[in-house]
Structures are given as structure tokens and as C-alpha cells.
Amino acid sequence: MNKFVLAGLLALTGSAFGATWTIDSAHSGAQFSIRHMMVANVKGAFSKISGTVEYDPGNVSASKVDATIDVTTVNTNEPQRDGHLKSPDFFDVAKFPTMRFVSKRVMAASAGKLKLLGDLTIHGVTKEVTFDVDAPAGEVKEPKGGARTGASASTKVNRKDFGLVWNRVIEAGGVVVGDDVLITLDVELLRK
């Protein structure tokens with residue numbers, strides 16, 4: 001959940017040496033999946049992501065990501081559940097309306113893959129996480145100038161590490177909400 005954020009951004013390939021890219025919120029998304037009642041995965045998304053990526057293909061380790069997700073945009077296609085997620089039981093959006101990811105280090109992993117290590121802040125708690133990044137095929141020039149590229153990234157976090165501890169035991173002996181959250185990011189980046 002989070003800023004889940006934005007490891008995918010660094011996987012940029014292209015000719016822009018040391019370029020700064022802006023996250024295109026209209027064409028980007030952050031999704032999550034978590035176990036519900038021990039039997040199925042429930043998926044949700046955050047629709048508003050903003051931030052920047054500095055990428056130097058000649059020196060990937062110098063790349064940087066700073067991304068923010070508007071937690072108030074959480075959507076699981078169930079209004080009652082979305083309201084509960086926004087409440088003090090979970091995200092407490094009145095106090096913590098955003099999540100943020102700030103990178104610390106970028107490392108080449110394998111062909112077309114990167115590892116993005118950084119600090120993820122959710123619900124006022126900051127923890128170090130690592131995103132696995134799939135590099136894009138390249139960049140596309142825009143008719144009016146500039147360029148676009150994109151990337152995908154994923155990580156798994158334990159929600160309790162970020163103070164999201166609400167749960168309820170069910171009769172079958174399990175719990176309503178699992179602990180592990182799979183975060184997937186698909187971002188489109190713009191360079192003017």
C-alpha cells in the first residue's frame with residue numbers, strides 16, 4: 001500500500017542521460033492484494049500517485065525516486081469496506097492522508113530487472129522495503145515534445161509493521177484480514 005511506491009519508476013531505459021521524470025497520475029496506479037477470512041484475496045487500488053524519478057541509465061545507482069500516494073483514493077469496489085479502510089481502524093486518512101516512498105539505493109538485479117530499496121511511510125510509520133522492478137522496453141516520443149516511459153514494480157509487506165493491526169477472529173479459527181499485503185505498481189512517467 002504504498003506507497004507502495006514506486007520502485008517501478010527506476011526501471012527506465014532510454015536515451016535521457018540523468019533525466020528527471022514526473023509520475024503521470026492519470027495513467028498510473030497502485031494496487032494491493034490481501035487475504036480475506038483465510039479463503040480468498042481481496043484486491044484494491046489507489047488512484048492518485050504523484051512524484052518524481054531521477055534516472056541515469058549510465059549510472060543506475062545514482063537514480064532516485066520520491067513518490068506519494070493519496071490514501072483517500074483507496075477503492076476496493078465495496079464502499080463500506082473502503083470507509084472502514086479510511087477509518088482509524090486502518091489508514092486513518094484524517095491524520096495520515098498520504099503514503100510516501102523515498103529511495104535509498106537502486107541496484108541492477110538481472111536482465112531487465114532492478115531492486116529498489118527505500119523508506120516506505122504508511123500510517124505515520126516508516127520502514128525499509130525493497131521493490132522488484134521490471135524495466136520497460138524504452139521510451140516513446142510525444143508529438144508535442146517530451147517523452148514517456150513506464151515501469152512495473154512489486155513488493156510484499158506486513159501491514160502490522162506499519163501499525164495497521166485491526167482484525168477480528170472468526171468462528172472457524174482464522175481472522176478476517178491477513179497480515180501480508182502484495183503491492184503492485186504500474187507507473188507511466190513523463191519527461192518534458
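Read the figures in this text as sums done on the coordinates, not as results from a lab. Model, not experiment: these values are computed from the prediction. Cβ sites come from the backbone with ideal geometry, for glycine too, and all protein chains shown count toward neighbours.
For a straight C-alpha distance cut-off of 13 angstrom, the aspartates and glutamates reachable from residue 95 (same-chain residues fewer than eight places away being disregarded) are 70. Taking the Cα-to-Cβ direction at residue 84 and at residue 52 and moving 7 Å from each Cα, how far apart do the two end points lie in nm? Here the answer is 4.0 nm between the modelled labels. Neighbour counting of Cβ atoms within 10 Å sorts the residues 69, 23, fewest neighbours leading, into 23, 69. P(r) for segment 7-191, please, calculated from all Cα pair distances in 5 Å bins and given in %. The distribution over segment 7-191 is 1, 8, 16, 21, 18, 13, 10, 7, 4, 1, 1, 0, 0, given as percents. Separation of segment 116-154 and segment 62-103, taken as the distance between their Cα centroids, equals 17 angstrom. Using a 7 Å offset from Cα along Cα-Cβ at residue 128, what residues in segment 88-115 end up with backbone N under 11 Å from the label point? Label zone hits: 104-105. With R₀ fixed at 35 Å, the C-beta to C-beta distance from residue 190 to residue 39 puts the FRET efficiency at about 0.30. For the listed residue pairs 113/192; 48/86; 113/141; 127/156; 48/141, the alpha carbons are over 18 angstrom apart in 113/192; 113/141; 48/141. Cut-off under 13 Å on the C-alpha distance; same-chain residues fewer than 8 positions from residue 43 excluded. Which aspartates and glutamates are left, in chain and number order? Straight-line reach from residue 43, under 13 Å: 78, 82, 180.
For the chain, the 222 nm mean residue ellipticity estimated from helices alone, with every DSSP H stretch of n ≥ 4 adding -39500 (n - 2.57) and the total spread over all residues, rounds to -1000 deg cm²/dmol. The calculated FRET efficiency for residue 144 paired with residue 20, based on their beta-carbon distance and R0 = 22 Å, is about 0.75.
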